[in-house]
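Undergrad: First, the structure itself, so that you have it in front of you.
Computed from the coordinates by the stated procedures, all read-outs in this text should not be read as laboratory data. All figures in this text were calculated on a predicted structure; none of them were measured in a lab. Because the Cβ atoms are built from the backbone with ideal geometry, glycine has one as well, and the counts that use them run over all protein chains shown.
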Amino acid sequence: MNGATVTLTSTKIRPAHMGDVKIIHTLLQQFANRGLLLGRSISSLYDQLRDFVVYDDNGVQGVCSLHICWDNLAEIRSLAVVESSQGQGIGRELVSACLIEAQKLEINRVFTLTYQGGFFRKLHFAPIEKSELPHKIWSDCIQCPKFPDCDEEALIWIND
């Protein structure tokens, strides 16, 4: 499997700042309340703030994080775009920013657990069996109300 060349076309992507945490929390909770992603506590957002990038166009319109899990393995998670801004390529740009960061860190394998498999397939992610991922990644899953019956799809991007 070969990841496509990743480019970033937006200048509106930036690292998340301390002042973004409550906005990110509210955005993620909107989707978590609908069962579309795993919510994050404000405390965990502060703890993992460096993992996050935001799309800032006169305010945060989207968010995504790259969480390092293991040797040469990271996860794209907490991808959310304000509903009125969806369909404009913001999600693609956020994921691309995370993949570029993974490449800078020399991480060649990036996975996601998602309900939006079609979106990630367009970005050259391919299906993977959850059992092929290290057990260490399941630490967040234990807190999920759907555990152990996760119905998210596991997809992976490999840059070789």
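Undergrad: Tell me the label-point distance for the pair residue 83, residue 106, using the 7 Å Cα-to-Cβ offset, in nm and rounded to one decimal.
TA: Here the answer is 4.5 nm between the modelled labels.
Undergrad: How would the stretch 13-158 be classified by its alpha-carbon gyration tensor: rounded, prolate or oblate, with rounded meaning a/c under 1.5 and the a/b versus b/c comparison settling the rest? Kindly include the intermediate steps, with their values, before the conclusion.
TA: Details: a/c = 1.38, a/b = 1.23, b/c = 1.13.
Because its axes are fairly even, with a/c under 1.5, the stretch 13-158 counts as rounded.
Undergrad: Could I ask something else about it? Among the aspartates and glutamates, which fall within straight-line cross-link reach of residue 12, defined as a Cα-Cα distance under 15 Å, with same-chain neighbours fewer than 8 residues apart omitted?
TA: Once the sequence-local aspartates and glutamates are set aside, what remains near residue 12 is 20, 56, 57, 93.
Undergrad: Still on this structure: What is the spin-label model distance, in nm, from residue 12 to residue 49 if the labels are put 7 Å beyond Cα along the C-beta direction?
TA: Label-label distance for residue 12 and residue 49, simple model: 2.4 nm.
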